[in-house]
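As structure tokens, the structure follows; a few thoughts come after it.
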Amino acid sequence: MARVCLVVPCFNESARLRGDDFLRASLAGHELHFRFVDDGSTDRTATSLARLATIEPDRVRCTLLPRNVGKGEAVRAGMGASLDDGHDYLGFWDADLATPLEELAAFVETLERRPQVDLVLGARVALLGRHIDRRLYRHAYGRVFASAVSQLLGLAVYDTQCGAKLFRVDGRLRAVLNAPFLSRWIFDVEILARYIAQYEAERVDPADRIVEVPLRVWTDVAGSKVGIGDAARAFVELARIGRRYDHALSARRVRRER
């Protein structure tokens, strides 16, 4: 039986936080825990989270940040606080449940079946028989951004920005979480860059250690806090990530082209 914990970053989520859905969630054959992180909210999010922790004290923990630091640092704070809680797998999940919690089983199954895999990414791929409800402009932007990320990382990744990811708890994850992220929003890309830097030092192929799982269901929930300005800023931050990890990423691209 694996112990699984999901970190759920929250900023002014009291109106759309589906807390009872989290409490009803289960994971057949495994233990499922949650750590909610209030990222300096100014609404009643902290009150809502306190209620959840009171109802399920054995499964729910809360971390309250005194000021808003952005999703990336909220996730890092929550994952860092959970590293020593005895979990086998640790991930993060969006509070609006755009990715239903039922999808988590496929992530866990992948890590259980493939012990060499370090992290699993949810991928919003509109295949027949799946229900991916994504606005056209967000899908188009996502394809352009994913292409840029793939080129930068030297890794054919389809969807870096889906808010559903699960990691194996080990020394690599601890190293990834050791320092603050450069970006508030595309920290997901920096996570991949940090893993790739470790793999390059070990002469390990990232494609053997990072897996994308196509989601069966994903819904574009109204109220996203990412606007057009953030989308444009993402490319600026992508360039910063490229400069910070240039040595490892350049080595990866050269290795891939041989």
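The values are calculated or read from the model by the stated rules, or taken from the named source; none is laboratory data. Note that the structure is predicted; figures quoted are calculated from it, not measured. Cβ: placed from backbone, ideal geometry, glycine included. Neighbour counts: every protein chain shown. For the accessible areas, the whole protein counts, side chains as well, though only heavy atoms, and no ligand, DNA or RNA atoms are used. Shrake-Rupley method; radii C 1.70, N 1.55, O 1.52, S 1.80 Å.
Computed from backbone phi with θ = phi - 60° and the Karplus coefficients 6.51, -1.76 and 1.60, the 3J(HN,Hα) list for region 101-114 is 5, 4, 6, 4, 4, 5, 5, 5, 4, 5, 5, 5, 7, 10 Hz; x is used for glycine and proline.
Couplings 3J(HN,Hα) of region 13-19, computed from phi: 9, 4, 7, 10, 6, 8, x Hz, in residue order, whole Hz [Karplus 6.51 cos²θ - 1.76 cosθ + 1.60, θ = phi - 60°; x for Gly and Pro]. Each residue, residue 150 and residue 68, gets one label point 7 Å from its Cα in the Cβ direction; the gap between the two is 3.4 nm. Surface exposure of region 142-232, expressed per residue as accessible area with a 1.4 Å probe, stands at 38 Å².
For residue 13, the amide hydrogen comes within under 5 Å of the amide hydrogens of 45, counting only partners 5 or more places away or on other chains and with H modelled in the peptide plane. For region 68-75, the Karplus equation 6.51 cos²θ - 1.76 cosθ + 1.60, evaluated at θ = phi - 60°, returns couplings of 6, 10, x, 4, x, 6, 5, 5 Hz by residue, with Gly and Pro reported as x.
Computed from the C-beta positions of residue 125 and residue 208, the FRET efficiency with R₀ = 22 Å rounds to 0.60.
Take region 46-92 with all the other protein chains still there, run a 1.4 Å probe, and you get 46 Å² of accessible area per residue.
Between the amide H of residue 213 and those of 121, 122, 123, distances stay under 5 Å, these residues lying 5 or more places away or on another chain, with hydrogens modeled in the peptide plane. For the pair residue 44 and residue 112, a Förster radius of 25 Å applied to the C-beta separation gives a FRET efficiency near 0.10, rounded to the nearest 0.05.
Split the accessible area of the chain by element, probe 1.4 Å, and carbon with sulfur accounts for 53%. Close amide H contacts of residue 63 (hydrogens built in the peptide plane, cut-off under 5 Å, sequence separation of 5 or more or a different chain): 36, 37, 38.
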